[in-house]
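Any read-out appearing in this document is the output of simple, stated calculations on the displayed coordinates, not a laboratory observation. In this text the structure is predicted, and so the values were computed from the model without any measurement.
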Amino acid sequence: MSPVVVLVGPPGSGKSTIAALLAERLQIPHRDTDADVEIGAGKPISDIFVDAGEEAFRSLERAAIVAALTDTGVVLSLGGGAILDPATRADLAGHNVVYLDVSLTEAAKRVGMSVARPLLLGNVRTQLRTLMEARRPLYAEVAKLTVVTDGKTPDVIAAEILEHL
Ligand code: S3P
């Protein structure tokens, strides 16, 4: 009972794009824990942060991850902060986890225009750097495979992952 692959990485690493592409290639569903949280709460994540705070979001996220990790035959993508929870990192040990590594410059470019990421409003680049520096070792800790994404098309990244499945 396990997803075929679990994608982790910071905001702007391309998790959603690559997960959707992998799901298409493998002809299996794409499940995303951010989407599961939003469906469960009946509102966007940005509203959950504003209405209930980050801690409340993290506990909804944790519950969504526990449920999603029992799903078989799916490509699963996790929110960028999922790996902050030691229990989630421990749970990921038994799974086929791929870390989408991205440079600060590239990630900042990708999230710069998004207003749906409440932790990153304000100075996107500065906040993203702090967040990425703190989390890099945590992504690496849970990863079975790390894929450097800078300068690669989604097709190339997906092919690299498929080679390792
Ligand atoms: C977060 C990343 C978001 C979402 C939430 C918190 C984070 O997901 O889960 O806004 O702490 O990095 P993405 O990585 O898909 O942007």
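For the chain, what is the convex hull (Cα atoms) projected area averaged across all directions, in square nanometres? Average of the hull's projected areas for the chain equals 8.8 nm².
Extension gain, A93 to K144, is 17.5 nm, computed as 0.36 nm per intervening residue step minus the present C-alpha separation. Count the lysine pairs in the chain whose Cα atoms lie under 23 Å apart, taking only pairs 8 or more positions apart in sequence or on different chains. Count of close lysine pairs: 6. Applying the Karplus relation 6.51 cos²θ - 1.76 cosθ + 1.60 with θ = phi - 60° to the stretch 10-21 yields 3J(HN,Hα) values of x, x, x, 8, x, 4, 5, 4, 5, 4, 5, 5 Hz, where x marks Gly and Pro.
Evaluating 6.51 cos²θ - 1.76 cosθ + 1.60 at θ = phi - 60° for every residue in the stretch 57-66, the Karplus couplings come out as 4, 4, 6, 5, 5, 4, 5, 5, 5, 4 Hz, glycine and proline recorded as x.
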